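One structure is given below, encoded as structure tokens.
The values are calculated or read from the model by the stated rules, or taken from the named source; none is laboratory data. Keep in mind it's a predicted model, so treat the numbers as computed, not measured. Backbone-built Cβ (ideal geometry, glycine too); neighbour counts: all protein chains shown. Accessible surface is based on the protein model in full, side chains and every heavy atom, while ligands, DNA and RNA are left aside. Shrake-Rupley method; radii C 1.70, N 1.55, O 1.52, S 1.80 Å.
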Amino acid sequence: MSTNGDVFPPAFLWGAATAAFQVEGATADGGRGPSIWDVFCATPGKTARGETGEIACDHYHRFRDDVELMRRLNLRAYRFSVSWPRVLPQGRGDINKQGLSFYDRLVDCLLAAGIEPMVTLYHWDLPAALQMELGGWAHPDLPLIFADYADVLFNTLGDRVHHWVTLNEPWVVVNAGYIHGTHAPGVKDAGLAYRVAHNLLRAHAHAVARYRASPHNRGAIGPALNVLQAFPASESPADVAAAERATLEFCGWFGDPLYYGDYADVLRERFGAALPEFTAEDARLLTRSMDFFGLNYYFSHVIRHAPGAGPLEIEVVPQPQIPHTTMSWPVTPGGLCPLLHWLSRRYAGLPIYITENGAAFPDQADASGFVNDQPRIAYLRDHVRAVGQALAEGVDVRGYFVWSLMDNLEWTLGFSQRFGLVRCDSETSQRTIKASGHWYSELISTGRLDDVPNADGAERMGVSL
Ligand code: GCO
């Protein structure tokens with residue numbers, strides 16, 4: 001293998017990712033029940049321009065065309081999430097056969113196109129019934145209810161799906177959903193947030209135990225966790241320790257329990273009694289409950305020690321000289337390789353998948369709908385190069401998924417943030433492969449970063465679907 005990180009192994013899993021609520025639409029079709037995100041979007045003032053998931057990218061109706069697009073992009077894998085209330089409209093009890101069959105057909109369609117499915121069980125769209133009847137993730141029974149739901153999917157898709165993601169970014173669920181109240185269910189209660197985090201972790205552990213006990217246990221199961229690389233603002237021991245705490249806010253809270261069976265010590269010290277204890281049984285189920293570490297990487301930060309700033313006493317030092325995306329996130333490919341090394345040391349022996357990486361830029365479509373998104377190509381190229389470097393240095397990275405296959409509903413920000421390799425017209429849902437999509441398909445077909453041209457207008461390989 002090349003040591004400059006530009007050449008990838010043939011089995012490397014190149015993919016793209018989406019989430020059910022962000023792309024499916026059809027929120028009232030085929031017997032689907034409402035999710036907490038439907039309720040949240042319907043509440044005035046919660047989302048930009050009042051946008052909702054009712055249509056999103058209309059993927060529910062267009063999935064065959066979308067798989068054809070993925071085939072044209074040369075994707076080896078597609079990470080999508082299952083809408084829990086589409087399968088179990090009340091969150092538990094009766095199965096909605098029509099909803100389940102959507103995923104069954106999607107998986108068959110993917111496999112027929114030679115694309116490996118990676119299925120996320122929870123990407124934030126909790127059935128509204130579970131929120132209303134039980135108070136959602138704050139309820140101690142939710143982990144078992146989640147495991148029952150997971151079991152329905154293992155039994156239905158487990159013969160064909162070999163990559164499972166339990167939870168997507170529980171840190172965001174907790175922070176945006178329960179501390180800041182900016183995401184569904186819109187709660188602002190920091191005390192409750194620790195219990196919600198605890199139950200999410202227990203839910204992961206129970207679902208993994210079910211998977212491992214199921215006759216379909218032929219694949220790998222793990223979480224998708226957002227983590228940032230924190231660079232200390234100075235060499236002072238206080239800043240170095242603060243930077244380590246910043247990474248542990250993600251990994252010590254959500255990664256360590258799934259590997260070591262408990263939260264990181266520094267979080268126990270800092271969060272104090274608010275951090276619940278795992279029972280011995282919980283700890284047993286949690287320990288080594290990930291077969292891989294799914295990393296969602298978007299950016300890194302420079303961190304300094306900030307006495308009195310929250311329990312972790314950390315503060316981000318803004319870097320205005322660095323380019324930022326339209327999400328106001330700094331473009332920091334330099335954080336990815338050190339972070340991959342850090343993860344491979346902390347979770348020794350676990351393969352890593354980059355389950356999400358990508359960027360929103362101010363795309364401009366031409367009259368045909370084509371977007372010549374050179375900034376996105378540069379972003380992806382630099383991050384893929386960092387992955388290649390880590391691989392060449394011995395980190396066991398098995399795959400990379402671009403967020404996202406297509407422009408979609410960016411939660412409360414609606415359609416304003418465009419992350420796709422494929423443009424999705426928010427009025428007509430028409431799809432057009434962007435320059436970045438053409439670039440990515442070239443990369444996948446050659447497996448060599450150094451061979452791939454930038455796919456500007458002249459190099460377009462196709463037209464819109
Ligand atoms: C997230 C998600 C995606 C987002 C993406 C861009 O983790 O936040 O997995 O749903 O759309 O990260 O913000």
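In square angstrom, rounded to the nearest 10, how much accessible surface does TRP253 have for a 1.4 Å probe?
10 Å²
Using alpha carbon coordinates only, what is the Rg to Rh ratio of the stretch 201-328, with Rh defined as the Kirkwood radius?
1.05
For an R0 of 41 angstrom, estimate the FRET efficiency from the Cβ-Cβ distance between ASN155 and SER236 and round to the nearest 0.05.
0.15
For the stretch 13-459, build the charge dipole from Cβ charges (+1 Lys, Arg; -1 Asp, Glu) around the Cα centre, then report which of PRO44, SER368, GLN229 sits farthest towards its positive end.
GLN229
Provide the three semi-axes, in whole Å and in decreasing order, of the ellipsoid equivalent to the stretch 405-454 as defined by the square roots of 5 times the Cα gyration tensor eigenvalues.
26, 11, 7
For LYS188, list the lysines whose Cα falls under 17 Å from its own Cα; do not include residues on the same chain fewer than 8 positions away.
Partners found: LYS46.
Roll a 1.4 Å probe over the protein chains and send me the accessible area per residue for the chain in Å².
Averaged over the residues of the chain, the accessible area is 36 Å².
To the nearest 20 debye, what charge dipole does the stretch 352-465 have about its Cα centre, counting +1 at the Cβ of each Lys and Arg and -1 at the Cβ of each Asp and Glu?
120 debye
Of the peptides 100-112, 349-361, 271-283, 84-96, how do they stack up when ordered by the mean number of other Cβ atoms within 10 Å, highest first?
Going from most to least packed, we get 349-361, 84-96, 100-112, 271-283.
Could you tell me which residue out of LEU200, THR182, ALA283 lies farthest along the dipole of the chain toward its positive end? Charges go on the beta carbon: Lys and Arg +1, Asp and Glu -1, centred on the Cα centre.
Selected residue: ALA283.
Once you have the Cα-Cα distance between GLU277 and ARG71, take 0.36 nm times their residue separation minus that, and quote the gain in nm to one decimal.
Once the chain is fully extended between GLU277 and ARG71, it gains 69.5 nm.
If I take R0 = 22 Å and measure r between the Cβ atoms of ALA113 and GLN430 in this structure, what FRET efficiency does the formula 1/(1 + (r/R0)^6) give, to the nearest 0.05?
Once rounded, the FRET efficiency stands at 0.60.
With label points built 7 Å along Cα→Cβ from the Cα atoms of GLU313 and THR43, find their separation and express it in nm.
3.5 nm
From the alpha carbon gyration tensor of the stretch 2-118, can you work out the equivalent ellipsoid semi-axes (sqrt of 5 times each eigenvalue) and give them in Å, largest to smallest?
For the stretch 2-118, the semi-axes come out at 30, 18, 13 Å.
Can you give the % of DSSP beta bridges in the stretch 13-459 that are antiparallel, to the nearest 5?
Antiparallel bridges make up about 20 percent of those DSSP assigns within the stretch 13-459.
Quick one: pull the percent of accessible area on the chain belonging to carbon and sulfur, 1.4 Å probe, ligands and nucleic acids left out.
53 percent
Just for the Cα atoms in the stretch 132-236, what are the lengths along the principal axes, largest first, rounded to whole Å?
Its Cα atoms span 50, 42, 18 Å along the three principal axes.
How large is the charge dipole for the stretch 13-459, taken about the Cα centre, if only the Cβ atoms of Lys, Arg (+1) and Asp, Glu (-1) carry charge, to the nearest 20 debye?
Using Cβ point charges on Lys, Arg, Asp and Glu, the stretch 13-459 gives about 520 debye.
Mind listing the Cα extents of the stretch 199-269 along all three principal axes, in Å, largest one first?
Each principal axis gives a Cα extent; for the stretch 199-269 these are 53, 23, 16 Å.
In Å, what Kirkwood hydrodynamic radius results for the stretch 331-407 from the alpha-carbon pair distances?
13.7 Å
May I ask you to compute the full-extension gain from ASN454 to HIS324, defined as 0.36 nm times their residue separation minus their alpha-carbon distance, rounded to one decimal in nm?
Net length gain for the segment: 44.7 nm.
Mind putting together the pair-distance distribution for the stretch 285-421? All Cα pairs, 5 Å bins, whole percent per bin, short to long.
2, 9, 16, 17, 17, 16, 13, 6, 2, 1, 0
For the stretch 13-459, state what percent of all Cα-Cα pairs lands in each successive 20 Å bin, counting from 0 Å until the bin that includes the largest distance.
For the stretch 13-459, the pair-distance distribution reads 26, 62, 12, 0.
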